[in-house]
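Asks: Below are the structure tokens for one structure; questions will follow.
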Amino acid sequence: MARRIRKAAVIGAGTMGRGIAAHLANARIEVELLDIVPPEASDSDDPEVRNQLAREAIEQMPNDKPLPATYHDRARRRIRAGNVEDHLDRLEDVDWIVEAVPEDIDIKHDTFDKIEAHASSDAIITSNTSGLSIEDMLEGRSDDFEERFMVTHFFNPVRVMKLLELVPAPGTDDEVVETIEQFGRDQLGKGIVYGKDTTNFIANRIGVHGIMVTVDKMDDYDMTVEDVDQIFAEPLARPHSAVFKTADMVGLDTFVHVADNCYDSLTDDEDRDYFEVPEFMRRMVDEGWTGRKAGKGFYEKTDEGLMAIRPDSFDYEPRDKSDIDSIDDAWDGPAEERVRTVLVEGDDEAAEFARDVSLHSIAYTARRLGEIADDVVNVDRAMRWGFNWELGPFEMWDAVGLEWGYEKIQDLGYELPDWVDEMVEAGHDSFYKTEDGIELYYDPFKGDYERAPFDYRKIVIDDIKERYDATIASNDSASLVDLDDGVACVQFQSERNAIDPDLGDMIDRGLDFVEDNDWRGLVIGNNAENFSVGANLMLVLGYARQEDWESLEEMVAGFQEVNQRIRYSPKPVVTAPHGQTLGGGAEVAMAGNAVQAAGETYMGLVEVGVGLIPGGGGNLQMLRNVFGRHSESEDFDPLPFIQQIFEQVGMGEVAKSGEAARDAGFLTDTDRVTLNADHLIHYAKHRVIGMAESDFKPPEKQRFRLPGEEGAAAIDNLLYNWQQGGRLSSHDRHIGQKLAHVLCGGHTRTSRLVTEEELLELEREAFLSLCGEDKTMERIQHMLQHNEPLRN
């Protein structure tokens, strides 16, 4: 059985140690963060001074990029700073100790000496190393230490990156492995893969090899830095950061360190020479041009625009994004189709380059199977979760066709292992296949297909629709799907999951279905990258430009009614937001009787960015969440809380995590946050079941004691000061006045009780009036064209 982990310690407060400690705290684990005493503080008796390194790491967490390391400040309070001279006794009552000290074997050994002397006898001990061997790290350690030791290799930034590579030692107890796997997956939200005790494990070994091969072949095909980043982005199912933008984000110095470690350690690797860092990259590191953290790397932002380096001349020149024919039609659609378009159908120099690099990398990966991992699943998942590829190497091979890839690899002269020959000769045509709804993968060591590792909490709605014919109803924007156990799900499927009348209609149909058929209830969720980016602005702008106010009002009123119906249905509705949950998407999420949000939920009512205010009940929902049971109280001063809502909505602020969304008022204390987004639909479904089986009743409608014109005037005074200080334009202030009018309850001179229906009418009137203003239409048009707000 897996053990419980309630408290952890992280030794080493550098970038990785800080990130690991922060994410443990995000998972509500108490953490001891220890580092050395700074040399200059060795004679000090002041704990603040002696704990400086760990203390400053904790202070840095809210400032980490691209997102704060912790979800909110409460998480940081779970971390206690200390040092390895004064506080080793704290290790006596922790369940898991993570070593994250520098990659120096002597420092590792010294740290393990301290851990072994002070840790409890059943504490799990792991290393975050990415370059040192377990065999070397365990030198001199006891058998008892080895039984509870393994590698847990997190990726940076720890909060955001899904991959967690696990590498057990030869003598690691199975219970220890099971504990870390379950905790990493279920509590930390990580994707678990198992590697072997080899240099840089799986993801860095394959990923760095692929990048170095790309760099090596650039000259052969006359490719620039920006050419490479166009080709090896979405057209080849890679992230938009592609190759060189990724290196700039990670830091070129970090990348060079990993490549050097491969070159120095992999003396028997037939591709070892590709890991040798080119002179121009070393010179960039020597010059301090290490990427974003330095202000320049492969790219540099200047007043003239984005510049790209020319490796031959070492000069920066304006980025040239010339059209490349082979990738023109490969930016949209399923990943497999995009890859085929470039690699199979492409007939220009860029396609030749992409084929050469991709098939070289695939052949290298095939040769590594058995050395770095036992199966194709662990390799593919490592690359998807660690480098954000959409398809791992073997999934990419399946996309182009096993036979086609096999022949092309041989044509290019790249060696394949014997097991691939045997697989082809046996008549197999893919690495993955599905039989009777079960995903199988080819195991070359058994010469047959095995069941892929299965996470029962991961619900993929499209798989359920296909496997069980579970679609109840569908239109262009949404589907109603049977999740079994008397629970249905409304799945968004419009472009970017934008809110439109068809989507609202499907929510209505879903509520009709569960109510009429006496099902337990409804989930509103999806497996897309984002829950919803907001309303369909093109539709709003079209009605406004045509001055079709009747249709626009009908659409807005219909959306308000849908959200109210979600709230007051006799059947429980649980929403499952994740990723971007903006504008109308946030209004749908907040309408639920309960919210099951992902840790990585970025939630906000951002309508001011396009010259509007929330129009689907968002103002009502914020008042409901923030006021709670005090909404009618005469002893309750609403103005400070209205101002809090106003600043959140009026500034278009986006909460940067599920927990931050709670602090901002988008979620309530009873809503829940799940760190593993793969489990979100599962938990939302079971929340519905729990509510249905515990005598669910819809909530009562609320009234709100609001201050009227006096409160709106107080907010307008704030707006005036902001405008005078240059923070707002006149149109910004006008939008703010409309928002304040709604939040304060409209035109009334004294405080009064305002019903939900009255609030919705005020909101609708303000929304429609703003839609008719030229400056708002300009803002909407600019957002549609440039995907960024306009200040006018």
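The values are calculated or read from the model by the stated rules, or taken from the named source; none is laboratory data. None of these values were measured; they are calculated from a predicted model. Please note: Cβ atoms are built from the backbone with ideal geometry, for glycine as well, and neighbour counts cover all protein chains shown. Just the protein is used for accessible areas: all its heavy atoms, side chains included, with ligands, DNA and RNA removed. Shrake-Rupley method; radii C 1.70, N 1.55, O 1.52, S 1.80 Å.
Asks: Determine the distance separating the Cα centre of the stretch 447-513 from the Cα centre of the stretch 104-127; give it in Å without decimals.
Replies: With the stretch 447-513 and the stretch 104-127 each reduced to a Cα centre, they are spaced 47 Å.
Asks: Further question on the same structure: Relative to the longest principal Cα axis of the chain, at what angle does helix 680-692 sit, 0 to 90 degrees, rounded to 10?
Replies: Result, in degrees: 40.
Asks: Suppose we look only past 15 Å in the calculated P(r) of the stretch 340-407. What percent of the Cα-Cα pairs does that tail hold?
Replies: Values: 1232 of 2278 pairs.
For the stretch 340-407, the share of Cα pairs beyond 15 Å comes to 54 percent.
Asks: Follow-up. If I take every Cα pair under 8 Å that is 6 or more residues apart in the chain, average their sequence separation and divide by the length, what percent do I get for the relative contact order?
Replies: Working: 1477 pairs, mean separation 63.8, N = 792.
Computed value for the chain: 8 percent relative contact order.
Asks: Using only alpha carbon pairs under 8 Å that are at least six residues apart, calculate the relative contact order of the stretch 20-98 and give it in whole percent. Show your work: numbers first, answer last.
Replies: Numbers: 101 pairs, mean separation 31.9, N = 79.
For the stretch 20-98, the relative contact order is 40 percent.
Asks: Compute the long axis of helix 774-786 from its Cα atoms, compare it with the longest principal axis of the Cα atoms of the chain, and write down the angle in degrees, 0 to 90, nearest 10.
Replies: Taking the Cα atoms of the chain, the angle to 774-786 is about 20 degrees.
Asks: Could you report the stretch 701-760's accessible area per residue, 1.4 Å probe, as an integer in Å²? Don't skip to the answer; put the middle values down first.
Replies: Numbers: 2780 Å² over 60 residues.
It amounts to 46 Å² per residue over the stretch 701-760.
Asks: While we're on this one: Calculate the dipole size of the chain relative to its Cα centre from +1 charges on Lys and Arg beta carbons and -1 charges on Asp and Glu beta carbons; express the result in debye to the nearest 20. Numbers along the way, then the final one.
Replies: Numbers: 80 positive and 160 negative charges, 784 e Å.
Charge dipole of the chain: 3760 debye, to the nearest 20.
Asks: If you don't mind, there's one more thing I want to ask. What is the distance in Å between the Cα centroid of the stretch 136-186 and that of the stretch 287-351?
Replies: Answer, in whole Å: 37.
Asks: Percent relative contact order of the stretch 597-713, based on C-alpha pairs within less than 8 angstrom and at least six residues apart?
Replies: Computed value for the stretch 597-713: 42 percent relative contact order.
Asks: From the phi of every residue in the stretch 753-758, what ³J(HN,Hα) in whole Hz does the Karplus formula 6.51 cos²θ - 1.76 cosθ + 1.60 yield, where θ is phi - 60° and glycine or proline is x?
Replies: Going residue by residue, I get 7, 10, 7, 4, 5, 5 Hz, with x marking Gly and Pro.
Asks: Need one word for the stretch 408-561: rounded, prolate or oblate. Basis is the Cα gyration tensor (sqrt eigenvalues a ≥ b ≥ c); a/c below 1.5 gives rounded, then a/b vs b/c decides. Don't skip to the end; give the middle numbers.
Replies: On the way: a/c = 4.41, a/b = 1.97, b/c = 2.23.
Here the stretch 408-561 falls in the oblate category.
Asks: Under 5 Å between amide H atoms, partner at least 5 residues away or on a different chain: which partners does Ile97 have, H built in plane at 1.01 Å?
Replies: Placed amide hydrogens put Ala9, Ile124, Ile125, Thr126 under 5 Å from Ile97.
Asks: Okay, next question. Highest first, please rank the peptides 16-24, 486-494, 692-700 by the mean number of other Cβ atoms sitting within 10 Å of their residues.
Replies: Numbers: 16-24: 27.6, 486-494: 23.2, 692-700: 10.9.
The densest-packed peptide leads the list: 16-24, 486-494, 692-700.
Asks: For the stretch 205-310, build the charge dipole from Cβ charges (+1 Lys, Arg; -1 Asp, Glu) around the Cα centre, then report which of Met281, Ala294, Thr254 sits farthest towards its positive end.
Replies: The listed residue farthest towards the positive side: Ala294.
Asks: Right, something else. What whole-number value in cubic angstrom gives the convex hull volume per residue for the C-alpha atoms of the stretch 214-300? Can you show the working numbers first?
Replies: Working: hull volume 9.1 nm³, N = 87.
So the per-residue Cα hull volume is 105 Å³.
Asks: Moving to a separate point now. No solvent, one uniform scatterer per C-alpha: report log10 I(q)/I(0) for the stretch 401-465 via the Debye equation at q = 0.18, 0.19 1/Å, two decimals.
Replies: At q = 0.18, 0.19 Å⁻¹ the computed log10 ratios are -0.76, -0.81.
Asks: Cα convex hull of the stretch 702-792: mean projected area in nm², to one decimal? If you can, show how the numbers build up before the last one.
Replies: Details: hull surface 26.0 nm².
Averaging across all directions leaves 6.5 nm² for the Cα convex hull.
Asks: Sort 536-542, 718-724, 764-770 for me by packing, meaning the mean count of neighbouring Cβ atoms within 10 Å per residue, highest on top.
Replies: Working: 536-542: 17.6, 718-724: 14.4, 764-770: 19.7.
Most protected by this proxy first, the peptides run 764-770, 536-542, 718-724.
Asks: On to the next question. 5 Å is the cut-off here: which amide hydrogens, built 1.01 Å from N in the peptide plane, fall below it relative to Gln702, excluding neighbours closer than 5 in sequence?
Replies: The answer is Glu756.
Asks: Another question about this same structure. Can you give the charge dipole size of the stretch 345-421 about its Cα centre, rounded to the nearest 20 debye, using +1 on the beta carbon of Lys and Arg and -1 on the beta carbon of Asp and Glu? The partial results should precede the final answer.
Replies: Details: 6 positive and 19 negative charges, 86 e Å.
With only Lys, Arg, Asp and Glu charged at Cβ, the dipole is about 420 debye.
Asks: Moving to a separate point now. Quick one: Kirkwood hydrodynamic radius for the stretch 486-559, alpha-carbon pairs, angstrom, one decimal?
Replies: Working: mean 1/r = 0.0736 Å⁻¹.
One over the average 1/r among Cα pairs gives 13.6 Å for the stretch 486-559.
Asks: Just for the chain, what percent of DSSP beta bridges are antiparallel, to the closest 5? The partial results should precede the final answer.
Replies: Numbers: 36 of 80 bridges.
Looking only at bridges with both residues in the chain, the antiparallel portion is about 45 percent.
Asks: Applying a 10 Å radius around every beta-carbon, put 382-395, 410-423, 59-72 in order of their mean neighbour count, most first.
Replies: Values: 382-395: 23.2, 410-423: 14.1, 59-72: 17.8.
Listed from highest to lowest mean packing, they are 382-395, 59-72, 410-423.
Asks: Amide H of Glu30: which non-local residues (sequence gap of 5 or more, or other chain) have their own amide H closer than 5 Å, using H built in the peptide plane?
Replies: Ala8
Asks: Report the accessible area of Trp289, computed with a 1.4 Å probe over the heavy atoms of all protein chains in place, in Å² rounded to the nearest 10.
Replies: Approximately 40 Å² of Trp289 is accessible to the 1.4 Å probe.
Asks: Follow-up. Across the stretch 396-402, in residue order, what do the Karplus-derived ³J(HN,Hα) couplings come to in whole Hz, using 6.51 cos²θ - 1.76 cosθ + 1.60 with θ = phi - 60° and x for Gly and Pro?
Replies: Those phi angles translate into 5, 4, 4, 5, 8, x, 4 Hz.
Asks: Continuing with this model, one more query. Solvent-accessible area of Glu279, probe 1.4 Å, all protein chains present, reported in Å² to the nearest ten, please.
Replies: 130 Å²
Asks: May I pose another question? Report, in debye and to the nearest 20, how large the dipole of the stretch 257-370 comes out about its Cα centre when Lys and Arg carry +1 and Asp and Glu carry -1 on their Cβ.
Replies: On the way: 15 positive and 31 negative charges, 136 e Å.
For the stretch 257-370, the charge dipole is close to 660 debye.
Asks: I would also like to ask the following. Give the value in nm², to one decimal: projected area of the alpha carbon convex hull of the chain, averaged over all directions. Display every interim value, and only then the final one.
Replies: Numbers: hull surface 148.0 nm².
Across all orientations, the chain yields a mean hull projection of 37.0 nm².
Asks: Give the distance, in whole Å, between the Cα centre of the stretch 758-787 and the Cα centre of the stretch 593-625.
Replies: Spelled out, the Cα-based centre of one part sits 16 Å from the other.
Asks: Compute the acute angle (0 to 90°) between the alpha-carbon long axis of helix 203-218 and the principal axis of greatest extent of the alpha-carbon atoms of the chain; round to the nearest 10°.
Replies: Helix 203-218 sits at roughly 80 degrees to that axis.
Asks: Report, as a whole number in µm² per second, the diffusion coefficient that Stokes-Einstein gives for the stretch 158-243 at 20 °C and 1.002 mPa s using the Kirkwood radius over alpha carbon pairs. Present the calculation step by step, with values, prior to reporting the outcome.
Replies: Numbers: Rh = 15.5 Å.
It diffuses with D of about 139 µm²/s by this estimate.
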